[in-house]
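For reference, the structure discussed in these notes is given below.
The values are calculated or read from the model by the stated rules, or taken from the named source; none is laboratory data. Just so it is clear, the structure is predicted and the values come from calculations on it, not from any experiment. Ideal geometry is used to build each Cβ from the backbone, glycine not excepted, and the neighbour counts take in all protein chains shown. Remember, those area values only see protein heavy atoms, side chains included, never the ligands or the DNA or RNA. Shrake-Rupley method; radii C 1.70, N 1.55, O 1.52, S 1.80 Å.
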Amino acid sequence: MALRRVGRPRTTGSRSEQQLMSKILDGSVTVGVVGLGYVGLPLALEFAKEGIRTIGIDVSAEKVKSLSAGRNYIQDLNDDEIRYVVKEKKTLTATLDFGACAACDVIYVCVPTPFTPNKDPDISHIVHATEGVAAHLRKGQLVILKSTTFPGTTEKYVKPILDRVGLACGKDYFLAFSPERIDPGNQVWTTKNTPVVVGGVSAACTDLAIAINRRIIAEVVPVSTPAVAEMEKLLENIFRSVNIALVNELAQLCDRIGVNIWEVVEAAKTKPFGFMPFYPGPGIGGHCILIDPYYLSWAAREVDFVTNFITLAAEVNESMPFYVRSMIEREIARQPVTLKSAKVLLLGMAFKKDVDDLRHSPALKVAELLVEDGIENISYFDPYIPSVRVHDRTLTSRKNLTPAFVKRHDVVVITTDHSTFDVDMICQNAKVVIDTRNATKNVKGPHRNIVLLGDGK
Ligand SMILES: NC(=O)c1ccc[n+]([C@@H]2O[C@H](COP(=O)([O-])OP(=O)(O)OC[C@H]3O[C@@H](n4cnc5c(N)ncnc54)[C@H](O)[C@@H]3O)[C@@H](O)[C@H]2O)c1
């Protein structure tokens, strides 16, 4: 699709469109962000830093209270920047009251899109947030949905709720989908320098969505419809899910044939074109890669289509915690202890390296499986996750990881490879280390006590 002209008011546009475009371009626009989590708060911060009046709306009294006091609660964000925009610059405020939407010209919706226990999409947060916005919808507002969801959500679910107000979409109010690409923990690619895609319900909706995103993001890529933007986001995440599943399957094969998958990937990576490295692990987690493929599989079923590839990838990835459980229990069986008396130490509970996000963490799944098998002595250490609920018990992280504590366990498992882990110390003191992340690759000296996932030994 050819890129359309953007950045100045369309002469053919409605009065509402032209007025909103002028406000966006002269900076007098007020931005609302509904949902102040891992996606919403960084977005709100970027606008507030640009001097744009920004209002965050959330259903969590705790988050609103914290933000109103200038206190940051998202690991990646800079505490001083949050305090500065709230307390000194006073460009960011937070509220529980959807009534604040009335004062906003642009409203981003960044609420969760989880799945149900049966892994069907749960878009109730989107519906609830849209109803909150609709209650205060007025002429000249632009609503941008950012939550990851199945194609058709913006036009078939969000638009009808907003249309009930009686305003014309594309003329009186405007609606677009613009997926989020934030990668928590990534120091290189941030909200500001990662291109975003936008798909508006009409050309006017797209132009306005491009213009507001351009206030804080260097590159904005328009597509022809919201559904293209919704599907594009799912493609990004399913691409990861499928490739991780492939390498997870190959890791299990390598374990059988005695080849080191990590060495295989490093070698393949030297091909300068047509290959992108993915690495095996104990499974996938977080709020995106695990959930999003199910959104598309569900939508596909509605049109009698079976997404075999996606389903197979999910099956392989979700089998990995079970595979790690069998590795742990095999190592226990080699020692003079029973499952009941074995002491297992899990290192890293977050779903990935250097983040404090526990959602759908494979490490947590491993802990649950061990408890189900009657392993009673499970400890863990994760500097970012103070405590976790494993079935009916609460486990608390060790404050520090000492050699004596490592020594005390029969099996030590590196479930998440946080950069702060002293892997040399761990290997020197553990009876056996099961490494599911290749965290031990740079350990000095021969260590016969390391069992690496996918190295075939
Ligand atoms: N976390 C990521 O790295 C990431 C990356 C890309 C896309 N996404 C997508 O972005 C969306 C948000 O994810 P997140 O990680 O920010 O979730 P989150 O749980 O961190 O934050 C969501 C926020 O929305 C609030 N909320 C829930 N229902 C609400 C309602 N009805 N009205 C107002 N606020 C409400 C919650 O209290 C919470 O503060 C999801 O669709 C997710 O798939 C997330």
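Could you list, in sequence order, all residues of the stretch 118-127 that are touching a residue at least 40 places away in the same chain (Cβ under 8 Å), within 14 Å of the ligand (Cβ to nearest atom) and open to solvent by 40 Å² or more (accessible area, probe 1.4 Å)? Residue satisfying the conditions is His125 alone. When restricted to residues that are away from the ligand (no atom under 16 Å from the Cβ), out of contact with any strand residue (DSSP E or B) (no Cβ under 6 Å at 6 or more places or on another chain) and open to solvent by 60 Å² or more (accessible area, probe 1.4 Å), the stretch 50-74 contains 1.
For the stretch 378-391, the count of residues that are under 16 Å from Pro282 (Cα atoms), open to solvent by 40 Å² or more (accessible area, probe 1.4 Å), outside any loop (DSSP other than H, G, I, E, B) and touching a residue at least 12 places away in the same chain (Cβ under 8 Å) is zero.
Each residue in the stretch 203-216 was checked for being touching a strand residue (DSSP E or B) at 6+ places or on another chain (Cβ under 8 Å), open to solvent by less than 40 Å² (accessible area, probe 1.4 Å) and away from the ligand (no atom under 16 Å from the Cβ), and 8 pass. Any residue in the stretch 30-43 that's farther than 11 Å from Ile57 by Cα and without any contact (Cβ under 8 Å) to a residue 24 or more places away in the chain: show its pairings with residues that are near the ligand (Cβ under 6 Å from one of its atoms) and in a loop (DSSP other than H, G, I, E, B) at Cβ separation under 9 Å, as long as the two are six or more apart or on different chains. Nothing qualifies. Do we find that Ala44 is closer than 21 Å to Arg215 by Cβ and not assigned by TED's automatic domain parsing to the domain that holds Asp356 in this structure? Taking the combined requirement at face value, the residue satisfies it. Scanning the stretch 306-351 for residues that are in a helix (DSSP H, G or I), of a type in the set (A, V, I, L, M, F, W, C) and in contact (Cβ under 8 Å) with a residue 60 or more places away in the chain turns up Phe309, Ile310, Leu312, Ala313, Ala314, Val316, Met320, Val324, Met327, Ile328, Ile332. Among the residues of the stretch 172-190, just one is crowded, with 18+ Cβ neighbours inside 10 Å, within 15 Å of the ligand (Cβ to nearest atom) and among the hydroxyl-bearing types (Ser, Thr, Tyr), namely Ser178. Of all the numbered requirements in (1) without any contact (Cβ under 8 Å) to a residue 12 or more places away in the chain; (2) surrounded by 12 or more Cβ atoms within 10 Å (Cβ to Cβ); (3) hydroxyl-bearing (Ser, Thr, Tyr), Thr415 misses one, and that requirement is (1).
Among the residues making up the stretch 418-443, those that are open to solvent by less than 10 Å² (accessible area, probe 1.4 Å) and not in a loop (DSSP other than H, G, I, E, B) are Ile426, Cys427, Val433, Ile434, Asp435. Restricting attention to the stretch 75-85, the residues that are open to solvent by 20 Å² or more (accessible area, probe 1.4 Å) and within 16 Å of the ligand (Cβ to nearest atom) add up to 3. Output the residues belonging to the stretch 95-117 that are closer than 21 Å to His287 by Cβ, open to solvent by 10 Å² or more (accessible area, probe 1.4 Å) and touching a residue at least 12 places away in the same chain (Cβ under 8 Å). Result: Cys110, Val111, Pro112, Pro114, Phe115.
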